[in-house]
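Undergrad: My questions will all concern the structure given below.
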Amino acid sequence: MTESRKPLSDSFGGHPEKGSQTHDDRINRYGERRKRARQFLRWLREQDTTNRPDLVRVQADLGQCANWLLFRNYYQVDQIRLAAATTC
């Protein structure tokens, strides 16, 4: 009988990476994505959103984007996995 497994989502980091050796790289990648979202948010705030309630909502969402990441450290198997995150 074959064992079925839940597919790993790329949006949550894809396949688990081994230990703390690559964890710093993952944090840096998420940090770069956060910087790009902040740059876009600054540009968006400079735009005229008087008649655009949809853009006001996007501004609010981007302000909270990737503010929180939760990692689980499975030290017995040397894996650190992204368990939860705020996304936009």
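The values are calculated or read from the model by the stated rules, or taken from the named source; none is laboratory data. Please read these numbers as outputs of a predicted model, since none were measured by experiment. Using ideal geometry, Cβ is built from the backbone for each residue, glycine included, and neighbour counts are taken over all protein chains shown. Quick note on the areas: whole protein, heavy atoms, side chains included, nothing else; ligands and nucleic acids left out. Shrake-Rupley method; radii C 1.70, N 1.55, O 1.52, S 1.80 Å.
Undergrad: Specify the residue that is nearest to L41 (Cα to Cα); the eligible residues are those in the stretch 59-83 that are of a type in the set (S, T, N, Q) and open to solvent by 60 Å² or more (accessible area, probe 1.4 Å).
TA: Q64
Undergrad: Next question. Take the stretch 35-48 and flag every residue that is open to solvent by 100 Å² or more (accessible area, probe 1.4 Å) and assigned to a loop (DSSP other than H, G, I, E, B).
TA: Correct list: E46, D48.
Undergrad: Consider N51 carefully, then state whether it is touching a residue at least 12 places away in the same chain (Cβ under 8 Å) and either exposed (fewer than 12 other Cβ atoms within 10 Å of the Cβ) or β-branched (V, I, T) (or both).
TA: Here the answer is no, as N51 does not meet what is asked.
Undergrad: Any chance the stretch 39-58 includes a residue that's in contact with a Cys (Cβ under 7 Å, 6 or more places away or on another chain) and hydrophobic (A, V, I, L, M, F, W, C)?
TA: So far as the stretch 39-58 goes, no, none of its residues is in contact with a Cys (Cβ under 7 Å, 6 or more places away or on another chain) and hydrophobic (A, V, I, L, M, F, W, C).
Undergrad: Looking for something open to solvent by less than 50 Å² (accessible area, probe 1.4 Å) and at pLDDT 80 or above - is there at least one such residue anywhere in the stretch 6-17?
TA: Scanning the stretch 6-17, I find no residue that is open to solvent by less than 50 Å² (accessible area, probe 1.4 Å) and at pLDDT 80 or above, so the answer is no.
Undergrad: How many residues does the stretch 35-61 hold that are under 26 Å from H23 (Cβ atoms) and at pLDDT below 85?
TA: Of the residues in the stretch 35-61, 0 are under 26 Å from H23 (Cβ atoms) and at pLDDT below 85.
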